[in-house]
Amino acid sequence: SAIEAGQVAVALLIAVLGGGATPIDDKQKIRASLVTTPLPRLRGKNSYFVRIIFQRIVWNNHGQVSKILGIKEPTVYAEFFDHLEKALFLEKQT
């Protein structure tokens, strides 16, 4: 859910003052874009440069996109690469 209490409070205040219906953020989706680039072979092994970008897309209650924000928290990216590293390790073991 993308609903924020402050935004709802402002929309209610505007409605009470006769301003009509004000759109509020309602739904969100997280989108990931992953790019891999082959690097020169190191010690006879394939190597890749991996880049990922996470975005938060928010729609209001009128069905319109109200925000597209890049997610910049380092912990999100660190967690992704930790999971990727573990998955690659497990795949290599099989």
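For this structure, a couple of remarks:
- Leading residue by the ranking (surrounded by the fewest Cβ atoms within 10 Å (Cβ to Cβ)) among those in region 25-49 that are more than 19 Å from E85 (Cα to Cα) and touching a strand residue (DSSP E or B) at 6+ places or on another chain (Cβ under 8 Å): P40
- Residue within region 10-24 that is surrounded by 11 or more Cβ atoms within 10 Å (Cβ to Cβ), in contact with a helix residue (DSSP H, G or I) (Cβ under 6 Å, 6 or more places away or on another chain) and either β-branched (V, I, T) or at pLDDT 80 or above (or both) present: yes
- The set of residues in region 74-94 that are of a type outside the set (A, V, I, L, M) and either in contact with a strand residue (DSSP E or B) (Cβ under 9 Å, 6 or more places away or on another chain) or touching a residue at least 60 places away in the same chain (Cβ under 8 Å) (or both) comprises Y77, F80, F81.
- Selection within region 50-59 - under 14 Å from I30 (Cβ atoms) and either of a type in the set (V, I, T) or loosely packed, with under 11 Cβ neighbours inside 10 Å (or both): I52, I53, I57, V58
- Residue in region 67-84 that is at pLDDT below 90 and not in a strand (DSSP E or B) present: no
- Region 25-55 - residue that is farther than 17 Å from Y77 by Cα and among the hydrophobic types (A, V, I, L, M, F, W, C) and, of those, modelled with the lowest pLDDT: L42
- Selection within region 50-64 - over 13 Å from L84 (Cβ atoms), touching a strand residue (DSSP E or B) at 6+ places or on another chain (Cβ under 6 Å) and either touching a residue at least 60 places away in the same chain (Cβ under 8 Å) or not charged (D, E, K, R) (or both): I53, F54, Q55, I57, V58, W59, N60, N61
- Looking across region 60-93 at every residue that is acidic (D, E) and surrounded by 10 or more Cβ atoms within 10 Å (Cβ to Cβ), the one that is nearest to the chain's Cα centre (by Cα) is identified as E79.
- Condition met for S1 (at pLDDT below 90 and either part of a strand (DSSP E or B) or loosely packed, with under 10 Cβ neighbours inside 10 Å (or both)): yes
The values are calculated or read from the model by the stated rules, or taken from the named source; none is laboratory data. All values derive from a computational prediction rather than experimental measurement. No Cβ is skipped: glycine too gets one built from the backbone with ideal geometry, and neighbour counts run over all protein chains shown.
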